[in-house]
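Here's the structure, in structure tokens; my notes come after.
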Amino acid sequence: MSNGIEEYLKQLRKELAGCDSATIRDALADAEEHLRTALDQSLKNRPELSEADALKSIMDEYGAPPEIASAYREVEARIAPPLAPRNKPNGRSAIERFFGVFLDPRAYAALFYMFFSLITGIIYFTWAVTGLSLCAGFAVLIIGLPFFALFLLSIQGIALVEGRIIEALLGVRMPRRPVFNPEHLGIWGRFKILVSDKRSWAPMVYMIVMLPLGIVYFTLFVVFLTFGLYGIGWPIMENVFDIPFIETTHYVVYTPGWMMPLFIIVGILWILVTMHLAKLLGRAHGALAKALLVKE
């Protein structure tokens with residue numbers, strides 16, 4: 001039974017070569033869950049069938065690996081992440097690309113993620129460090145192994161949630177279904193797979209590094225946006241609220257009138273640069289998440 005399913009998954013992986021790694025992971029998980037669940041049910045309902053005959057019938061009904069791979073490619077082409085990078089039309093000048101970021105929803109989504117990452121970074125880091133500490137403390141108790149298993153399962157669940165956030169805000173294709181754990185292996189067999197699986201440990205590394213990354217992202221963009229908004233809003237503050245540019249006990253200095261437009265222009269350009277930087281860091285963070293949360 002296991003050899004037949006493993007061979008099917010191996011062929012399916014080969015047929016999906018060139019597809020996104022998250023797509024391959026979802027396709028393999030879907031296929032394995034369907035084949036194993038259907039085989040168990042078939043053998044339970046018709047015990048006279050051999051495993052080989054039951055599995056062959058299930059595979060014929062499910063579809064050959066080339067058919068399944070083709071179906072997944074068609075589905076992926078239709079339901080790509082809404083904010084995924086797209087090929088831009090030729091002929092756009094550098095100026096159009098620079099100022100066009102104001103109308104690019106990916107820039108706003110990436111900027112929001114940069115601020116939101118501080119919250120998730122604190123939550124992830126706290127959960128990972130606290131969980132590891134409790135696992136170490138419970139190791140000598142009878143509840144140690146069950147608690148450790150639940151903790152690793154929670155790590156995989158958080159990785160799935162973070163993947164959905166990244167796909168929604170950064171446009172990076174991430175897994176859309178949880179990892180399949182075969183029931184036929186029993187509790188101990190599934191526990192060994194859970195402990196030895198990279199998908200239990202790599203997300204933990206991601207959760208730990210998210211705290212310093214979240215702090216850097218949040219601080220960087222607060223400073224950058226504050227600087228840009230200061231340039232845009234300073235003429236208003238000075239002319240409407242009569243706030244001088246420099247004020248000491250002996251004198252006050254107001255901005256010359258001819259510099260007011262310059263302040264606004266510099267502020268707008270600085271915000272444009274900030275939005276481009278948000279897109280750039282969003283792509284870099286998406287690649288990091290892909291490496292730690294997806295790749296086999």
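Overview of values
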{"item": "Computed label-point distance, nm, for sites residue 49 and residue 269 using a 7 Å Cα→Cβ extension", "result": "7.2 nm"}
{"item": "Segment residue 102-residue 220, extension gain: residue separation times 0.36 nm, minus the distance between their alpha carbons", "result": "40.5 nm"}
{"item": "Angle between the chain longest axis and helix 260-293 axis [Cα atoms, degrees, rounded to 10]", "result": "10 degrees"}
{"item": "Helix-derived mean residue ellipticity, 222 nm - over the chain, DSSP H n ≥ 4, -39500 (n - 2.57), to 500", "result": "-26000 deg cm²/dmol"}
{"item": "Computed over segment 97-296: relative contact order in percent, which uses C-alpha pairs under 8 Å that are six or more apart", "result": "35 percent"}
{"item": "Angle in degrees between helix 65-78 and the longest Cα principal axis of the chain, rounded to the nearest 10", "result": "20 degrees"}
{"item": "Euclidean distance of C-alpha centroids, segment 119-149 and segment 7-53, integer Å", "result": "33 Å"}
{"item": "Angle in degrees between helix 2-15 and the longest Cα principal axis of the chain, rounded to the nearest 10", "result": "40 degrees"}
{"item": "Of 198/290; 44/198; 10/198, those spanning more than 21 Å from alpha-carbon to alpha-carbon", "result": "44/198"}
{"item": "Ranking of 40, 60 by count of other Cβ atoms within 10 Å, fewest first", "result": "60, 40"}
{"item": "Net length gained if the chain between residue 133 and residue 205 were fully extended (0.36 nm per residue, minus Cα distance)", "result": "24.4 nm"}
{"item": "Segment 1-80, relative contact order in percent, only Cα pairs under 8 angstrom and at least six apart counted", "result": "42 percent"}
{"item": "Label of the coordinate-derived value, Cα Rg over 2.2 N^0.38 Å, listed as (i) 1.40; (ii) 0.92; (iii) 1.01", "result": "(i)"}
{"item": "Length released on extending from residue 196 to residue 260, taking residue separation times 0.36 nm less the Cα-Cα span", "result": "16.8 nm"}
{"item": "FRET E, pair residue 112, residue 57, Förster distance 51 Å, beta-carbon r, rounded to 0.05", "result": "0.55"}
{"item": "Under the Karplus curve 6.51 cos²θ - 1.76 cosθ + 1.60, θ = phi - 60°, whole-Hz ³J(HN,Hα) for segment 145-155, x wherever Gly or Pro sits", "result": "5, x, 5, 5, 5, 5, 5, 5, 5, 5, 5"}
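Where a number appears in this text, it was derived from the coordinates with a stated rule and is not lab data. This one's a predicted model, so the numbers in the text were calculated from it and none came from an experiment. Virtual Cβ from ideal backbone geometry, glycine too; neighbours counted across all protein chains shown.
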